[in-house]
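Each remark here refers to the structure printed beneath this line.
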Amino acid sequence: MKQFLAKSSVALFVTCMFSATALLASEPGQDEPHWGYEGVAGPEKWGSLKSGHKVCGEGERQSPIDIKPSQAVQGKTLDDIFVHYTDAPLNIVNNGHTIQVNSDGHSKAVIGGKEFSLVQFHFHEGSEHTVDGKRHPMELHLVHQSEVGELAVIGVFMDIGEPNEAIKTIFDNMPTQAGEQKIDDSIKINATDLLPDRRGYYHYLGSLTTPPCTQIVEWYVMKEPITISEAQHEQYRKLYKGTYRPTQELGKRKLLHK
């Protein structure tokens, strides 16, 4: 993913964390346990698995959160999100935790008045963010990085309803084995097709939702969900299910909305 590397060390750090190899499960026999979503390496243990993961258990700006609309404050200075996503060749990887679609570096977005490049997007079975305690069937995360390494993630809830053609293209081409990648220049994906028509959102300062849980993310969670069919949901669940981190305390942070 060299095209996403910025000059600063922060940008290098962020890009490496989101590379396919950084997210692959450890091979049996390696010294350090690898994180997962259940058991002895589940979310409640992430902070103690490695020294570099302590913030997972000690951080005060962790994600995801339970969004309470009644407590969200109107963000008078929040800008609309403008996306300029382009058709990109299919580049999809099964990284051992999720299905991740890598961008080709040409898709851009203006978020919070700044320009970001779309790095990749991926899925969680069982939404990571909840709304008044309600968990949606799935959640999509579109990961964006600025030239100086700032990270902005757009979260999109996925509910059961009408089938989604863009999701069909992705799910029909999902590699089934961890570490497997599929690149097909004849298949084009445009991430615009994964966004809801109305772009109202909740905004807060948070973190990565997987180890090392680094607190460098500005979150923009769409209010309106997109839909997938029950069959599409089950298609994904055959590979991954229950891949969400439990919600974290909002604490003293502000939850804004637009």
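Of all the listed residues (117, 70), the sole one being more than 19 Å from the chain's Cα centre (by Cα) and among the polar types (S, T, N, Q) is 70.
If you go through segment 61-88 and keep only what is hydrophobic (A, V, I, L, M, F, W, C) and in a strand (DSSP E or B), you end up with 65, 67, 73, 82, 83, 88. Among the criteria (1) of a type in the set (D, E, K, R); (2) touching a Lys or Arg at 6+ places or on another chain (Cβ under 6 Å); (3) buried (at least 20 other Cβ atoms within 10 Å of the Cβ), the one residue 245 does not fulfil is (2). Restricting attention to segment 215-242 and to residues that are touching a helix residue (DSSP H, G or I) at 6+ places or on another chain (Cβ under 8 Å) and buried (at least 19 other Cβ atoms within 10 Å of the Cβ), the residue that is nearest to residue 56 (Cα to Cα) turns out to be 236. Pairs linking a residue in segment 78-107 that is more than 20 Å from residue 236 (Cα to Cα) to a residue that is in a strand (DSSP E or B) and of a type in the set (D, E, K, R), with Cβ atoms under 6 Å and 6 or more positions apart or on different chains, are 84/108; 87/188; 89/185. Being of a type in the set (D, E, K, R) and either assigned to a helix (DSSP H, G or I) or over 17 Å from residue 244 (Cα atoms) (or both) is the filter here; which residues of segment 33-60 pass it? Passing the criteria: 44, 45, 50, 54, 58, 60.
Using the structure shown, decide if residue 142 is under 15 Å from residue 193 (Cα atoms) and buried (at least 22 other Cβ atoms within 10 Å of the Cβ). Criteria met by residue 142. Which pairs have Cβ atoms under 9 Å, sit 6 or more apart or on different chains, and link a residue in segment 55-72 that is without any contact (Cβ under 8 Å) to a residue 24 or more places away in the chain to one that is part of a loop (DSSP other than H, G, I, E, B) and surrounded by 18 or more Cβ atoms within 10 Å (Cβ to Cβ)? Filtered contacts from segment 55-72: 57/213. Residues in segment 66-119 that are of a type in the set (Lys, Arg) and farther than 19 Å from residue 222 by Cβ: 76 only.
In this structure, residue 122 does not satisfy being surrounded by fewer than 20 Cβ atoms within 10 Å (Cβ to Cβ) and either modelled with pLDDT of 95 or more or of a type in the set (A, V, I, L, M, F, W, C) (or both).
Kindly evaluate residue 149 against the criterion of being surrounded by fewer than 21 Cβ atoms within 10 Å (Cβ to Cβ) and touching a Gly at 6+ places or on another chain (Cβ under 8 Å). Spell out how you get there, then give the answer.
Numbers: surrounded by fewer than 21 Cβ atoms within 10 Å (Cβ to Cβ): yes; touching a Gly at 6+ places or on another chain (Cβ under 8 Å): no.
Taking the combined requirement at face value, the residue does not satisfy it.
The values are calculated or read from the model by the stated rules, or taken from the named source; none is laboratory data. Everything numeric here is computed off the predicted structure, so don't read it as measured data. Every residue, glycine as well, gets a Cβ built from its backbone with ideal geometry; the counts of neighbours run over all protein chains shown.
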